[in-house]
C-alpha cells in the first residue's frame, strides 16, 4: 500500500525542522511502510521504553537528539530504569560505569522533555490518556493495559521507534490504531469455572499466562469475567498475557470499555473459541513455579509496579509482624504511588516489618538485586515467567497472601481455599 504523507510530514522528511526531526521522521515512515499503513496520524501521548539502559547504543541514540536540540512534541513519560535514582544502588555486581551510564541516560531523557515518572505502570498516575486517544507505548504490560482497560490506542512500539514517534508526534495508522485491528479473533470462555475463583487476582494472573501463547498475535476476548473485576486483576491479565505470548490488547465482555457485548468486541463471530478448563488452568498455574517448597531468600512484589490498593492489602496482612531474618521483602512501585502509600500509613507499616520499598526500577532486571538469588516467591505471573531466564533464581508462584506469609515464616507457604482442587473446579 502506498504511504500518503501530509505536507508537514514531507517538510520534516526534507529537513525543514532540522536533522534530528528529519531522522526521526525517516524512522517513522520506514516503520509505516513495513506495517502497511496508508498514512500517519497524530498521537497525543508517549510512554518511552528507550530510557531503560541496555548499553552504549542507548546513550548514543539519546545524545544524537539532545545535541541537536530535539524535544518531545507530545507529553512523554518514562518507563523504569535499571537503577533507583532515590536510593543507593541495590544491585549486586554492577560495574560503576554501567551505573553511571544508566543515570546519564535518565538525565538525557529528562533533557528531551520527558516527565520522569520511571514506572512500568503509567496508568496508575493521573493525567494520562483516555478512551480513544492515539498514543505511543513500548512497555508490554502498559500497551496491553492502555488498549484493553483504558481504551486508548497503541501498537507495541520497540525502543527507538517509540522515541521517534514521540518526537514527531506521528504514528503509522495501522494495527491497534484502527477499528479493524482491535476486533477480537479468539474467545476465551471462562463461564464454566467456579465464580469464586474467577474473582481472585491469582486467577487473573494464571488466565493471562494461559491466554498468551494460545492467542498468539491475535486479539482475545474473555467471556465470564465478573463485571466488577478490579484494576489490579486487569493489570495481572495484561502483564501475564503480554509476557507469555505478546498480547497487546484483550477484551473482557461487560468489563472493558470496547466490549459491552461479544458482538461489539468481535464485530462478528470469533474465529476460534477456547473453553478454558480447570485442567488447563492448573497446568498453567503450576508452570509458573520452578522451585520446590523450602526456605526463600526473597519475596518479589510489584511487577508491574505495586498499586495503592495492593499496598493497602499488603500492609493489612503484615501489620504487627516482621519479615524473617535472612529474607528480603522487596516491593517495587512508582514515586507517585509510594507517596500515596506513605500518606495513608501503609508504607510505614511495611517498613516497620522490614520490607524494602524500591522506586524507579524492577527486581527482575539483570544484574539482580542482591537478594534475588536462590528461591524467590512472587505473586506476579510476569515476574515468575521472566526471572528464571534473567537471574540466578528458582521461582515459587503464589497469591499476595502467600507471599506475605512466606516473608514472615521464611519459607514457601501457600494456604487458603484457593489452593484446593475444588476451588479450581477439580475433584
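Summary value for the stretch 1-68: 33 percent relative contact order, contacts being C-alpha pairs under 8 angstrom separated by 6+ residues.
Rg of the Cα atoms in the stretch 1-117, relative to 2.2 N^0.38 Å, amounts to 1.24. Working from label points 7 Å from Cα in the Cα-to-Cβ sense, the residue 179 to residue 373 distance is 5.7 nm.
Of the three principal axes defined by the Cα atoms of the stretch 92-153, the extents in descending order read 43, 26, 17 Å.
By definition, a body whose alpha carbon gyration tensor gives a ≥ b ≥ c is oblate when a/c is 1.5 or more and a/b is not larger than b/c, and the chain fits this oblate description. Backbone N atoms of the stretch 57-72 closer than 17 Å to the 7 Å Cα→Cβ label point of residue 19 belong to residues 60-71. Under the classification rounded if a/c is under 1.5, otherwise prolate if a/b is larger than b/c and oblate if not, where does the stretch 250-349 fall, given a ≥ b ≥ c as square roots of the Cα gyration tensor eigenvalues? Cα axes put the stretch 250-349 in the oblate bin.
Classify the stretch 183-285 as rounded, prolate or oblate from the Cα gyration tensor: take a ≥ b ≥ c as the square roots of its eigenvalues, call it rounded if a/c is under 1.5, otherwise prolate when a/b beats b/c and oblate if not. Because its axes are fairly even, with a/c under 1.5, the stretch 183-285 counts as rounded. In this simple spin-label approximation, residue 292 and residue 67 carry label points 7 Å from Cα along the Cα→Cβ vector, and these lie 5.6 nm apart. Between residue 231 and residue 4, the simple spin-label model (points 7 angstrom out along Cα→Cβ) gives 3.9 nm. Available extension along the chain between residue 339 and residue 279 is 17.4 nm, counting 0.36 nm per residue and deducting the alpha carbon span.
Measuring nothing but how far apart in sequence close Cα pairs (under 8 Å, 6+ apart) lie, relative to its length, the chain scores a relative contact order of 16 percent. Remark on the stretch 298-416: ratio of C-alpha radius of gyration to 2.2 N^0.38 Å is 0.96. Here is how the number arises for the chain: DSSP H runs of 4 or more residues each give -39500 (n - 2.57), the sum is divided by the residue count, and the result at 222 nm is -11000 deg cm²/dmol.
Readers should treat all values here as calculations from the given coordinates under stated rules, not as data from a laboratory. Remember, predicted model here, so these are calculated numbers, not experimental data. Cβ sites come from the backbone with ideal geometry, for glycine too, and all protein chains shown count toward neighbours.
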